[in-house]
Amino acid sequence: MKSNNKKSISHKTEKFPSFVKITFIILFAGILQLNAESAYDQEAKLSLDVKTQPLTEVFRLIEKESEFLFNYLDSDVAGINVNVKVENGNIREVLAQALYNTNLTYSINDRHIMIMSKEAERKLAVTRNPDQEQRKAIIGNVIDQNGEPVIGANVVEKGTTNGTVTDIDGNFSLNVSNNAEIQISYIGYLEQTINTSGSTKFDVVLQEDLQSLEEVVVVGYGAQRRINLTGAVSTITQENLLDRPVTSISSAIQGLSPGVTVTSGSGQPGNDGSTIRIRGVGTLNTADPYILVDGIETGTFNSIDPNDIESISVLKDAASAAIYGSKAANGVILVTTKRGRAGKATVSYSGNASFSNEATLIERLSSYDYARLYNQLMEQSGGSPRFSDEDLRLFQDGTDPYGHPNTVWTDYIYRTGFMHKHNLNVNGGSEDVKYMTSVGFLGQEGTLKNSDRQQFNIRTNLDVKLSDKFNMRTNLAFINNKHSIPNASYSGGAVQVIRQANRMAPWIPYKKEDGSYGSISDGNPAAWIDINSRIYYLNQNVSSILAFDYHILEGLDFTLQGAYVTNSREEKDFRKEIWYDDVNYHGPHQLTETITKWNRYTLDALLNYNKTFSGVHNLKALGAIKLNSMTTEHLPLIERISRTVAQLI
């Protein structure tokens, strides 16, 4: 998530004397170098298409699409217009084009990027390395397999942020340490690492990255090689998802696809999906993208086990609307799950555990400070102080914990959360029959007391070769997601619990000396936690697919696919009665139960033609018919129940 403090960074430094500017750059960059370099600059993917625009506009677009923050002098970048065209590249590839043929260089530390003139960089290098005998100047030339110069290639000293880019003739020069290794990279080419020991001149030939060009990408009702793609499509692989300690896929894809903005949700166990926007808001009402899992709408995007996912494709431009129509107005996300592979059966297990705490809580006044300032306010408004000097003394020394407490209400509603995830996968088969079965469990205790989640999921995919031309595919998935949140005795859920804890004065006791609860007219949030008043949710989803593929002739295939998805959501809003003391009461017991069910039937008939002529010309055509039917049922039920029944619940 982008840092909110970005707005506080100012690029206006013209009022400072020049020597102050240079000193600021040296000190600031020197401080940044003290921190370990992050991998974010390699993980974050960017897509830009800018023609003859100010360099500062490029910086603004990068900050908008990522978590990077730029620092520079206005005098260094004034009047510089640049051209940048990068699709799904990293920040170094973007900067290589943006700074090409300028007198500027850059330094990256985590998400901070320092732009400076090459002269300032040389002065900074002298400051950092006063012993110049430890460094040397190297020069070189970078060309491709055809002998053409590679313009704007990145040349970086390995393990540092010291780097440059090649000029229009493919030449570069750089000051490096005596035994340094340099890394040369460019879009569409394999990265090379060269040891500079014993030499100062290098001729480098970059090889094309054929593997990335041949990569197969899922797009709509089929797949294409990346080299043939004309639309804006980015791919997220399983490896990008598994190492992230999150409970929803929408949160896991944050920062992995350029042009995709992910805003974190509430963090509530079982309902912590994030908001996804692809290239901003495209419609007036809902702006959510169209999400398909194995080609069908399942409504389970945030409940899928990341271990079951093979890849995620994000379709961003208007080309997706040609396939999916108006539903694709805000982009399309295609999730492809794993399938079986021929070979011996392999059994794999993965699991992890993590702890979580509230990142930040508001630091509140103590009872003494609150009472003292409250008295001042009363006096200033012409009233009499509420608390005597003796009251203030007792608040301050804490000798009367029941009559003059210092209650920190958030301590009674928050805790350290714990989460553990497990997955067991069986994969194998022969050339004729391939299978994949996955079973997963997620247990989570939220940082808010009485909030938790238990999710069980099972998925099995089967591929059967019926003949040389006839194949069958089946998918079956079941997800059982049970979660709960704390509830006030008069409803309101977790929001009301948190609200009440944040507004109650610290001089109100959690419990009185006789064991009854301290409270105001709206109750006591700690008491609701104690009596275990909750809202319970149960989501169950079954998704099934049966598909047949028939190879008619070379390049021409027919697919018939039927799918059935059923989803049930049950909500039990249980409000327990409570006597805070002999006077204050909330009740009686009340249970509001809501059950929502929907069923979706889908039938797809597809005719795909894919032919390559003369080894270089590709023709791909698709004809499709889609039939879709959906039914929804909604059943609300409200009743007041006896105390005996409440105890059983």
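A few remarks follow.
- Two-site label geometry, LYS118 and LYS465: point separation in nm, points 7 Å out along Cα→Cβ: 5.8
- Segment TRP598-MET630, extension gain: residue separation times 0.36 nm, minus the distance between their alpha carbons: 10.8 nm
- Helix-only mean residue ellipticity at 222 nm for the chain, each DSSP H run of n ≥ 4 adding -39500 (n - 2.57), per residue, nearest 500: -5000 deg cm²/dmol
- The candidate values were [x] 194; [y] 306; [z] 240; the one computed from these coordinates for volume of the Cα convex hull per residue in Å³ carries the label [z].
- Fully extending the segment from ASN179 to THR102, taken as 0.36 nm per residue of separation minus the present Cα-Cα distance, adds 24.9 nm.
- Annotation: for a label point projected 7 angstrom from Cα along Cα→Cβ of GLN238, residues of the range 432-447 with backbone N closer than 12 Å are 436-439.
- For the range 390-522, the pair-distance distribution built from all alpha carbon pairs, in bins 5 Å wide starting at 0, is 2, 8, 12, 11, 11, 9, 8, 7, 6, 5, 5, 4, 4, 3, 2, 2, 1, 0, 0 percent.
- Assigned charges on the beta-carbon of Lys, Arg, Asp, Glu; the chain dipole about Cα centre (debye): 800
- With contacts taken as Cα pairs under 8 Å and at least 6 residues apart, the chain reaches a relative contact order of 7 percent.
- R0 of 25 Å, Cβ-Cβ distance VAL583-SER491: FRET efficiency to nearest 0.05: 0.70
- Percent of beta bridges antiparallel (DSSP, the range 272-388, rounded to nearest 5): 65
- Residues VAL281 and ALA345, FRET efficiency given R0 of 56 Å [Cβ-Cβ distance, rounded to 0.05]: 0.75
- Whole-percent pair-distance distribution, where bins are 5 Å wide, for the alpha carbons of the range 287-343: 4, 18, 27, 22, 13, 9, 3, 2, 1
- Using a cutoff of 8 angstrom between alpha carbon atoms and counting only pairs six or more residues apart, the relative contact order for the range 417-648 works out to 14 percent.
- The charge dipole of the range 417-648, taken about its Cα centre with unit charges on the Cβ of Lys, Arg, Asp and Glu (plus for the first two, minus for the last two), comes to roughly 260 debye.
- Cross-link pairs LYS45/LYS620; LYS482/LYS572; LYS482/LYS597; LYS45/LYS338 - those with Cα-Cα distance over 22 Å: LYS45/LYS620; LYS45/LYS338
- Here the calculated FRET efficiency for LYS482 and ARG386, from their Cβ-Cβ distance with R0 = 51 Å, stands at 0.60, rounded to the nearest 0.05.
- Relative contact order (%) - the range 367-407, alpha-carbon pairs under 8 angstrom, separation at least six: 41
- Residues in the range 146-184 that a label on ILE139 would reach, taking backbone N under 14 Å of a point 7 Å out along Cα→Cβ: 167, 169-175
- Share, in percent, of DSSP beta bridges within the chain that are antiparallel, nearest 5: 95
- Length added when fully stretched, SER354-THR474, from 0.36 nm per residue minus Cα-Cα: 39.7 nm
None of the figures in this text is laboratory data; all of them are computed from the coordinates on show. All values derive from a computational prediction rather than experimental measurement. Heads up, the Cβs are rebuilt from the backbone with ideal geometry, glycines too, and the neighbour counts pull from every protein chain shown.
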